[in-house]
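The values are calculated or read from the model by the stated rules, or taken from the named source; none is laboratory data. Being a predicted model, the structure only gives us computed values, none of them experimental. FYI the Cβ positions are ideal-geometry reconstructions off the backbone, even for glycines, and counts take in every protein chain you see. When the accessible area is computed, the model is the full protein with side chains, heavy atoms only, and any ligands, DNA or RNA have been set aside. Shrake-Rupley method; radii C 1.70, N 1.55, O 1.52, S 1.80 Å.
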Amino acid sequence: MKGYKLAIGLAIGAALLLPSAAGAAAAKPSYELEWEGGGQSSGTVIARGGVSYIAAKAIASEAGLAISWDVSKQRAQFDGWNKSFAVRVNSDRGVLDGKNTEIGGKPFVLNGELYLPVRFIVKALDGDNVKWNARTQTVTASGLGGYHARSETHNGLTFTVVTATGELYVTGESGESRKLADLGDTIYGAVKFAFYDSPGGLLHLTVTRNYGEPMIQYRVYTAVLKNGELIREAEAGYFRRFVDNATNGGGQLIVTDGRTLELVDDVTGRVAESYDLVKLGGEEDDYFVEGVGPEYLLIRPNDRGLLMLIDRKTGGKTLLYKELLDKLNQEYAETNDVPYFGDWLRFVRRDGDTLYFRNDAPIQQDNKLYAYKLPE
């Protein structure tokens, strides 16, 4: 994170005070702030007591900071990833990244909006190059940082994806954070966390990112943790199709990168079995893993999209739509490309030696259970 540099000369410092009457008559005081990652924020400046103030809410939102107030509604706390500061209404001192500091003015609330000294908010966001243009009556600054992150807490562990870097962190109850993985560069689109606590004491974590236009890219990071420590991981990338991989099957945890499937022992975390999905499916593609049983795997190639049952013992392949659907639905699975090719069979449950599916195809959402009997 860029350190702040606010070596502003006396001329600039004076310029950030109350604008002259002549300047005020010519133009309304305003600000233009440039962000380190690109983009600009602008708005109106309010001058009070010789200090220029700007509304904090919009700037905080752009920086990825959440604002919280104490019970008295006098102290405002700003929190983001590795960034925090706090101010108190009508006080010229605050806290920035854990240290007491002067803020160069006294925050106030006007029409329900908190206003902060412009120089302090630029400093707090690690910005620099603060200038005053007397002709346009504009305060400018550059290099303001962003502290966006997506977080979720599960059983005392907080998992955080840092938007700017794509890094995944885990934070324990002690407050200490450590990096688990790199998920790529800047994170765009939606981020979803899913957790499964195995009977054997392991945590199966899934971080799903959906992005692109119109949200057609789908990346799934999977990790297995033991006592908070990473022991297995993989990441799969899919396109256009949105299907959740199964989490566990037959007492084993499922970890896949779309090409290889690892079945992880529920207690030790060791890989019990590994499968080449491309070889089993017969198509050069990334595969979803939608179910695992002692005798079978349910896998689906991303592009063609036809659900397959693979015999774990022989490697034999069964196209389930051929076994379960009528001719109309079979034709739909083979030819329709909106929103994607393939069938819409969804695994529901197993009962004895019978697997049950639903057909969620738009042409026939009949709520019927389709039964497939496993061969003896």
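Setting aside same-chain residues fewer than 8 positions from Lys28, which lysines have a Cα under 20 Å from its Cα?
Here the lysines satisfying the reach criterion relative to Lys28 are Lys131.
So what is the accessible area of segment 25-169 per residue, in Å², with the probe set to 1.4 Å?
Dividing the accessible area of segment 25-169 by its residue count gives 47 Å².
Among 165-172, 216-223, what's the highest-first ranking by average C-beta atoms within 10 angstrom per residue?
For the peptides 165-172, 216-223, the packing ranking is 216-223, 165-172.
Please give the charge dipole size of segment 168-229, origin at the Cα centre, charges +1 on K and R Cβ atoms and -1 on D and E Cβ atoms. Round to the nearest 20 debye.
Roughly 120 debye, rounded to the nearest 20.
Determine, for each peptide in 120-126, 312-318, the mean count of other beta carbons within 10 angstrom over its residues, then list the peptides with the highest first.
Those peptides, ordered most packed to least, come out 120-126, 312-318.
Any idea of the accessible area per residue across segment 203-246, 1.4 Å probe, to the nearest Å²?
Result: 44 Å² of accessible area for each residue.
Are any of the pairs Lys179/Lys317; Lys73/Lys179; Lys83/Lys179 more than 29 Å apart by Cα-Cα distance, and if so, which?
Exceeds cut-off: Lys179/Lys317; Lys73/Lys179.
Mind checking which aspartates and glutamates have their C-alpha under 14 Å from Lys123, skipping anything on the same chain fewer than 8 residues away?
Glu34, Glu36, Asp97, Glu102
Any idea what the dipole of the chain comes to, in debye rounded to 20, about its Cα centre with Lys/Arg Cβ at +1 and Asp/Glu Cβ at -1?
Value, rounded to 20: 1800 debye.
Scan [x] 28.0, 93; [y] 27.9, 103; [z] 23.6, 82 for the value of Rg and Dmax of the Cα atoms in Å calculated from this model and give just the label.
[x]
Can you find, among Trp35, Asn336, Gly316, the residue farthest towards the positive end of the dipole of the chain? Put +1 on the C-beta of Lys and Arg, -1 on that of Asp and Glu.
The Cα lying farthest towards the positive end belongs to Trp35.
Could you look at the chain and say what percent of its accessible area is carbon and sulfur, using a 1.4 Å probe and all protein chains?
C and S fraction of accessible area: 48 percent.
Tell me which of Asn210, Val51, Leu225 sits at the most positive position along the dipole axis of the chain, charges placed on C-beta atoms (Lys, Arg +1; Asp, Glu -1).
Comparing the listed Cα positions along the dipole, Val51 ranks first.
Give the lysines whose C-alpha is closer than 20 Å to that of Lys313, dropping any in the same chain fewer than 8 places away, or say none.
Lys279, Lys373
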